[in-house]
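Derivation of every value follows stated rules applied to the coordinates shown; laboratory data play no part. Computed from a prediction, not measured in an experiment: that's the story for all the values here. Here the Cβ positions follow ideal geometry from the backbone for every residue, glycine too, while neighbour counts run over all protein chains shown.
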Amino acid sequence: MDEQFEAPGPGMWTIDRSHFPGGTTPISQWLMQGAPSGMRPGFVEIGMPAETLDVRFVRGFMYTRLRPLISPDRAATKLPPLLILKLAVRLHPEMRRRAKQAAKALVEKPWNKVLDDWQQSIRPRLEASNEQLQRVDVQGLDDEGLARHLEHLMAYCRENFELHFYLHTYDLGPIGLLLADCERWKIDPAEVIPALSGASPTTSAPARILSELRKIVASSATTPRSLDDVRAISPEAARLLDEYFLRRGRMMVTRYDLDGRTLEEQPEVVLAALLSGSDAFVDEGHAEAVAARVREQVPVDEHSDFDMRLAEARETMDLRDDNGPNTVELPVGLLRYALLEAGRRAVAAGRIASPELTFELLPDEVGSFARGGSDPSSTELEERAARRHADARLTPPAMLGQAEVAPPLEVLAPPHQRFVGAVQAVLKHMGMTSPEDAPKGRLQGAGVGKEPYRGRARVARSPEEALDAMEPGDVLVVRFTTPAYNTVLSLAGAVITTEGALLSHAAVMARELGIPAVIGAEGALDEIPDGAEVEVDPASGTVKILVTR
């Protein structure tokens, strides 16, 4: 396996399958180069003691490395004596500048301004642009118009990928500072995380629209067999459904990559979610009760600090889940739609065998191909597709390159210690930790919810498998979830993941939708037979296999 996967640069690279599980298309690999570009200025603005998060792809699998400020292109395999290391860190000019900026950020809290900018200007601008682009009739464009539209979409998506990761630079801090302070107060951060329930109304917004429609359908005493039947019930039903698709129709709902599926390509899933989805949304009173219990454990003279940290973390939670749909999932869906139109024209002209072969184009080939260019040929695109799909079936190493030694926190300036400790706290509770920190025990993990749930297990290794097989009330068993799973999650009676923790996407979704879940249950994909009856007990964080079929 090692000879098949070579490190893409100096240092140690860690696989990240939460965004792209493997077999990533060339255009998406190019778009993800927006991650380092987006995080770099954010790291400067908050004074992070690192240059950026570097992203590279190896045989279609995504690997990341935190790029250090000092000697970034040399692997730190051995640390000098602690005193020398401390002096080097404190005297390095850029580290000193970053330490001053970090101290300033802890006082001025720039994330509050970013959040305000998001709510007041960035999100409205994105929503207007996305809606305008979604209204473009690509079938009515001539070849030159389609090529220009594709080139605009490529630039738009790349710009938004940079924005997506720039914003992520700011959403880690407030949540991490809350968790780090809880540790300082000798409070298990797992106790306070449920107090963030209800803080992501964007997460549950699509399900809430479907819930309104569900009530209209129930009052009509009809059983619609299609979305057109739903629209025919009343003008209000038609309005809500059209609003749902206007905002989300071209949104990627199975994966971030171009070869996933959009919402409008899954009308049967939308109908099933509408008719049988869950109405058990988060109990906001429960979150307030949790916050009150945790507050009692905080020293009285620091109650105001706790209130401030919790309020900022709650505001940030919605930014995290609001970010992806507007910056990535809808723009990528629009690009997919336009590429398929270029592909259909090429098929009609006898240039390629199927429209989906346009997903194999390199970024600089898109415009000329849409204008009718003969290169690359159908044979070349088919060979690229075959290689990509074959690579996707490989088992990639978790790490590539030379193991690096991270400097201990105490060598950093105090403001950097605060920031790095906060980020580490968030990553731990997102499940992005080293193996020794992972939950121990097979079929056991972090529980979300209060009541146990019994149902049929639907084991899926991809969102497409889940969408094709899920029926209302099934227990979804997956490696992890991303926002692309949001539609199918509303159908689930419970959720089990093998990766993640209490701040992972699956845990957030489960809390917001009121769905029982066990997160980070090692072995679930291998040990739970598809179709088995299982019990998900969030109180104990355990999964039991009751009956196999």
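Indicate, rounded to the nearest 5 percent, the antiparallel portion of the DSSP beta bridges found entirely in the chain.
Bridges in the chain are about 75 percent antiparallel.
Quick one: Karplus J couplings for segment 520-525, per residue in order, coefficients 6.51, -1.76, 1.60, θ = phi - 60°, nearest Hz, x for Gly and Pro?
My calculation for segment 520-525 gives x, 7, 4, x, 4, 5 Hz in order.
With r defined as the distance between the Cβ atoms of residue 394 and residue 303 and R0 fixed at 56 Å, what FRET efficiency is calculated, to the nearest 0.05?
After rounding to 0.05, the efficiency reads 0.60.
For segment 446-547, just the Cα atoms, rotate onto the principal axes and tell me the three extents in Å, largest first.
Per principal axis, max minus min of the Cα coordinates gives 30, 29, 22 Å.
Run the count for the chain, please: Lys pairs, Cα-Cα under 20 angstrom, 8 or more apart or on different chains.
Taking the Cα cut-off of 20 Å, the pair count is 9.
Rounded to the nearest 500, what is the 222 nm mean residue ellipticity of the chain from helices alone, with -39500 (n - 2.57) per DSSP H run of 4+ residues and division by all residues?
After summing the helix terms and dividing by the residues of the chain, the value is -15500 deg cm²/dmol.
How much length would be gained if the chain were fully extended between residue 132 and residue 234, taking 0.36 nm per residue of separation minus their Cα-Cα distance, in nm to one decimal?
34.0 nm
What label, among (i) 39, 28, 22; (ii) 36, 32, 24; (iii) 74, 30, 18, belongs to semi-axes √(5λ) of the Cα gyration tensor in Å computed from the structure on display?
(ii)
At a 10 angstrom cut-off on C-beta neighbours, averaged per residue, how do the peptides 253-263, 99-109 rank from highest to lowest?
Peptide ranking by packing, descending: 253-263, 99-109.
What list of ³J(HN,Hα) couplings, whole Hz, do you get for segment 474-481 from phi and the Karplus terms 6.51, -1.76, 1.60, once you set θ to phi - 60° and write x for glycine and proline?
5, 8, 7, 10, 9, 5, 7, 10
Considering amide H positions built from the backbone, and no H for Pro or chain starts, which residues 5 or more places from residue 66, or on another chain, come under 5 Å of its amide H?
54
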